[in-house]
Amino acid sequence: MLIKEIEALNKDKISKEKYLCKIYRKIAIYCVKILLYTPITPNQVSFIVIFLFFISAGLFTTGDFWISIAGVIILYLNEILDYIDGTLARCKKMVTKLRGTLLETFGHEPAVAFVIVGIALGVYTNTNNINYLFFGFSGGLFQLLTAYTQKSRDYLLLKYAKKLVPPDPAKAFINTNMKKNIFNIFVMPLLYYKEIILIFLLLNKLDWLTIFYGVFIPIRLLLFFIWTYLNFKKLDKKI
């Protein structure tokens with residue numbers, strides 16, 4: 001299969017992507033070109049993504065600068081692998097909606113929670129200050145709860161209000177530019193967590209980052225829950 005053919009299969013996704021995403025996609029396409037001649041499956045790539053998240057989190061726990069740099073590199077490698085699995089699935093015609101979605105779900109928000117905890121453990125290793133453990137586990141726990149709340153929202157919308165919401169439930173209540181801007185403010189710190197971690201690591205301020213995530217993520221979940229509840233209240237009247 002030619003590179004142009006692989007790009008054609010991912011035309012819809014490529015057209016919607018911006019900035020770094022286009023670079024990741026381009027690298028992924030060339031990697032897929034090679035993987036097409038191997039027995040490696042898309043789901044195996046997804047398992048590798050999950051495994052590497054734990055490796056990265058473990059490297060951060062050391063508190064060592066260069067080992068933590070290796071942890072960041074693994075996070076970037078994971079980003080490329082995340083683009084590879086879906087592209088490979090379409091090229092090999094091995095799309096598994098149930099298993100693929102399950103692996104993809106666990107390999108995103110929940111996995112990031114372990115990285116946040118890993119960073120906190122590394123900060124604790126260097127400072128011996130137990131407060132950083134509190135902030136780290138707070139960020140990790142509430143990140144897991146956020147993922148659970150998002151999936152619960154999507155499940156309920158598709159089950160009880162499928163005809164009233166768009167195909168992607170995540171966009172159900174984002175129908176104005178102001179809402180999109182507010183949504184982006186709360187999404188960016190987790191969407192670009194790799195870049196943020198790298199910046200704070202280079203500045204030797206992972207302790208500040210640990211506190212930030214430990215405070216920001218719980219507040220983000222609380223606001224998200226309230227917002228979802230109020231929108232559900234409006235939908236209940238239409239069902």
Taking the range 171-192 and keeping only residues that are closer than 27 Å to L209 by Cα and not charged (D, E, K, R), one is left with N181, I182, F183, N184, I185, F186, V187, M188, P189, L190, L191, Y192
If you check F186, F232, which single one turns out to be without any contact (Cβ under 8 Å) to a residue 40 or more places away in the chain and surrounded by 15 or more Cβ atoms within 10 Å (Cβ to Cβ)?
F186
Of I116, I40, which residue is outside any helix (DSSP H, G or I) and either modelled with pLDDT of 90 or more or surrounded by 15 or more Cβ atoms within 10 Å (Cβ to Cβ) (or both)?
I40
Using the structure shown, decide if Y76 is outside the structural domain of F232 (by TED's automatic domain parsing), over 30 Å from V165 (Cα atoms) and of a type in the set (F, W, Y).
yes
Residues (touching a residue at least 40 places away in the same chain (Cβ under 8 Å) and among the aliphatic types (A, V, I, L, M)) located in the range 189-221
L190, I197, L198, L201, L206, L209, I211, V215, I217, L221
Tell me, which residue of the range 67-101 that is charged (D, E, K, R) and touching a helix residue (DSSP H, G or I) at 6+ places or on another chain (Cβ under 9 Å) is modelled with the highest pLDDT?
E79
Scope the range 28-39; condition of a type in the set (V, I, T) and farther than 14 Å from G86 by Cβ; matching residues:
I34, T38
Which of the following residues is exposed (fewer than 15 other Cβ atoms within 10 Å of the Cβ) and free of Cβ contacts under 8 Å to residues at least 60 places away in the same chain: Y160, Y155?
Y155
When both residues are 6+ apart or on different chains and their Cβ atoms are under 7 Å apart, which pairs have a first residue that lies in the range 82-99 and is under 25 Å from L20 (Cα atoms), and a second that is surrounded by 14 or more Cβ atoms within 10 Å (Cβ to Cβ) and among the charged types (D, E, K, R)?
Y83/R25
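The values are calculated or read from the model by the stated rules, or taken from the named source; none is laboratory data. Quick caveat: nothing in here was measured; it's all calculated off a predicted structure. Cβ coordinates were reconstructed from backbone atoms using ideal geometry, including for glycine residues, and neighbour counts include every protein chain displayed.
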